[in-house]
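Presented below is the structure to which this report refers.
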Amino acid sequence: MKRTAAALALCALLAGNARAQAPPAAPAVAGYDVRYEVRIVPTEKTAHVAMHLSDPNNLLHSLRFRVDPERQLAFHGDGHVQVEEETVAWTPRKGGGVLRWAVRIDHLRDESSYDARCTSSFALVRGDDLVPRARVRTAGHAQSRAVLQLVLPQGWSAVLPYAPLSEDTWAIERPERRFDRPVGWLLMGRLGVLRERVAGVHVAIGAPVGSGARRQDLLALLRWTLPALRKIAPLPDRLALVGAADPMWRGGLSAPQSAYLHESLPLISEDATSPALHEIMHVLLRARAGPGGDWAVEGLAELYGLEALVRSRTISKHRYQRALERIAEEGRGVKVVTVARATGAVTARAVGLLRELGDEIRRVSAGHKGLDDVVRALAESPAPISLAHFRSVCESVAGASLATFFDRRELAPPD
Ligand SMILES: [Zn+2]
């Protein structure tokens, strides 16, 4: 672990020297190095996080984390650390230093099921919980170069949505952000793991040893469907799919380049929709909902989960039509879809609306564009999908006003 920090610091130093002597063709990016060292202690159900900062050029002035004081606690470190109710501000010493804190891993989603959990044999948690969101003050537009290093109990391995650098270290790269931190689902423990490249995506499917997760089935489903999805929109570089059993929450939850799926979820339900592909569509679209946009986010995930099945010929056109009819029935009676959180009925109605929208886009573009182009545009430049943003993306794809579709009571803007 020390070697990694030293190597990074050395790289930074070399870059600094190179800048002085090298020809102008090789400009160095102004940056500072961060190594997140995460030690999982199952007996405490805790992750001990140390953020090692190496910043020889003093580019990072301060950091302000937004924390959940119930989960992220015991902050202390070099320089000045100021802990308030829901924020922790760190002003590191010149050159860098270490900030340490502890994370209580277990988190209940409802009365009896968890959406993060640590047992004696595995830990399943989101990176966001380990390293919370932060605002940074830097010199100019200095960027972080970050790595994650895991210190795990003997015999444990990990499934993470990051590129490995060595046995225990991964690169954390989020080029769209100035401050890199690990996000997405992390599963660590005594695991069964399948790794394979599918349609250009580094897929990793993992679950604790002895759980009933159907890793091979899930991999097969991806091999059938990812090539079909790749024709619609760019796929992520990596996809980490992690599963676990009760008392983990019995549902699916997506996060950047990753998703959690409870082991009881079928790959394809009796109604021919796929909970796994629904979550994978969320990963592909990369966006959360903004005001009035949850129907579109959930509707696109549901519809394109089904599209992936029919376009890959995993299900027949007949079964696809039957599924759409059943979904239409389920959405009947929904008056307004622009609610804060889409229920099952709202999502069902959204599927019908999105298909109508596709028809309207085809009509106004004389058959040149369709809903696939909207999905591609959303996946290529992710931004929170509010009603207004969604409409503007659709209209820019269509190259025309879509007032006939959008100006209806069901799509009334949220209050
Ligand atoms: Zn969803």
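Some observations on this one:
- Residue check for Val147: buried (at least 20 other Cβ atoms within 10 Å of the Cβ) and in a strand (DSSP E or B): yes
- Looking only at segment 174-187, residues that are out of contact with any Gly (no Cβ under 9 Å at 6 or more places or on another chain) and assigned to a strand (DSSP E or B) come to 0 in all.
Here is a yes/no grid of residues against (1) open to solvent by less than 60 Å² (accessible area, probe 1.4 Å); (2) away from the ligand (no atom under 16 Å from the Cβ); (3) touching a strand residue (DSSP E or B) at 6+ places or on another chain (Cβ under 9 Å); (4) at pLDDT 95 or above:
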position: Trp295; (1), (2), (3), (4): yes, no, yes, yes
position: Lys317; (1), (2), (3), (4): no, yes, no, yes
position: Val339; (1), (2), (3), (4): yes, no, no, yes
position: Thr347; (1), (2), (3), (4): yes, no, no, yes
position: Glu356; (1), (2), (3), (4): no, yes, no, yes
position: Ile361; (1), (2), (3), (4): yes, yes, no, yes
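- Residue match in segment 186-195 (condition: open to solvent by less than 50 Å² (accessible area, probe 1.4 Å) and more than 25 Å from Gln154 (Cα to Cα)): no
- Segment 114-132, subset over 20 Å from Pro153 (Cα atoms) and in a strand (DSSP E or B), residue most open to solvent (accessible area, probe 1.4 Å): Tyr114
- Answer residue from segment 258-293, given it is within 22 Å of Glu356 (Cα to Cα), open to solvent by 20 Å² or more (accessible area, probe 1.4 Å) and outside any loop (DSSP other than H, G, I, E, B) and is farthest from the ligand (Cβ to nearest atom) among those: Ala289
- Just one of the listed residues (Glu167, Glu111, Glu176) is open to solvent by 10 Å² or more (accessible area, probe 1.4 Å), within 21 Å of the chain's Cα centre (by Cα) and among the acidic types (Asp, Glu), namely Glu176.
- Candidates Leu300, Leu306, filtered to the one that is part of a helix (DSSP H, G or I), over 10 Å from Ala350 (Cα atoms) and either away from the ligand (no atom under 16 Å from the Cβ) or in contact with a helix residue (DSSP H, G or I) (Cβ under 8 Å, 6 or more places away or on another chain) (or both): Leu306
- 2 or more residues over 23 Å from the mean Cα position of the chain (by Cα): qualifying helices (runs of 4 or more DSSP H) within segment 365-415: 387-398, 403-406
- The residue pairs whose first member lies in segment 289-312 and is more than 20 Å from Arg408 (Cβ to Cβ), whose second member is away from the ligand (no atom under 13 Å from the Cβ) and outside any helix (DSSP H, G or I), and whose beta carbons are closer than 6 Å, counting only pairs six or more residues apart or on different chains, are Leu309/Ile315.
The values are calculated or read from the model by the stated rules, or taken from the named source; none is laboratory data. Predicted model, so just to flag it, every value in this text is computed and none were measured. Neighbour counts are summed over all protein chains in view; Cβ atoms, including those assigned to glycine, are modelled from backbone coordinates with ideal geometry. The protein model used for the area step is the full one, side chains on, heavy atoms only, and it has no ligands, DNA or RNA in it. Shrake-Rupley method; radii C 1.70, N 1.55, O 1.52, S 1.80 Å.
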